[in-house]
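Enquirer: First the structure, which I've put down as structure tokens, then a few questions once you've had a look.
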Amino acid sequence: MTRAIQFCWYFSAAVLFFACPAMAQDGGNTLIDLGPAFGAGLVMIGAGFGIGRIGAAAVESMARQPEAAKDISGGMLLAAALIEGATFFALIVCILVIVLGG
């Protein structure tokens with residue numbers, strides 16, 4: 001597993017290294033702005049992992065204490081809603097940076 005991760009890091013570093021001269025053209029706008037797009041991707045991945053962990057912990061807690069399932073599901077929904085709210089805010093900021101060219 002570690003060799004696959006190491007290969008992915010080397011491959012992504014090589015892509016970014018060779019992409020710089022290709023995007024350094026005079027007077028033209030580049031088609032890809034990697035910073036905000038990368039940030040938006042990280043936000044979505046982080047939110048997916050966070051909500052997945054919340055769901056897994058809630059299901060495990062409900063299995064251990066079925067009488068508290070209503071309270072656990074309410075807390076889970078509240079935490080998931082807060083994570084999604086923060087995710088949408090970060091995604092909007094990334095999209096605004098892409099659109100406004102900041």
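Enquirer: Modelled with pLDDT of 75 or more, out of contact with any Gly (no Cβ under 9 Å at 6 or more places or on another chain) and either surrounded by fewer than 13 Cβ atoms within 10 Å (Cβ to Cβ) or not charged (D, E, K, R) (or both), is that true of GLU60? Before the answer, list the steps.
Expert: Details: modelled with pLDDT of 75 or more: yes; out of contact with any Gly (no Cβ under 9 Å at 6 or more places or on another chain): yes; either surrounded by fewer than 13 Cβ atoms within 10 Å (Cβ to Cβ) or not charged (D, E, K, R) (or both): yes.
Judged against the criteria, GLU60 is a match.
Enquirer: Does MET76 qualify as being of a type outside the set (D, E, K, R) and at pLDDT 90 or above?
Expert: Against the criterion (of a type outside the set (D, E, K, R) and at pLDDT 90 or above), MET76 qualifies.
Enquirer: Determine which member of the set PHE7, PHE17, PHE11, PHE49 is of a type in the set (Phe, Trp, Tyr), modelled with pLDDT of 80 or more and assigned to a helix (DSSP H, G or I).
Expert: PHE49
Enquirer: Further, regarding this structure: Could you check region 63-97 and list, in sequence order, the residues that are exposed (fewer than 12 other Cβ atoms within 10 Å of the Cβ), within 24 Å of ALA40 (Cα to Cα) and either in contact with a Pro (Cβ under 7 Å, 6 or more places away or on another chain) or small (Gly, Ala, Ser) (or both)?
Expert: ALA81, GLY85
The values are calculated or read from the model by the stated rules, or taken from the named source; none is laboratory data. If you're wondering where the values come from, they're calculated on a predicted model, not measured in any experiment. Every residue, glycine among them, receives a Cβ derived from its backbone with ideal geometry; neighbour counts consider all protein chains shown.
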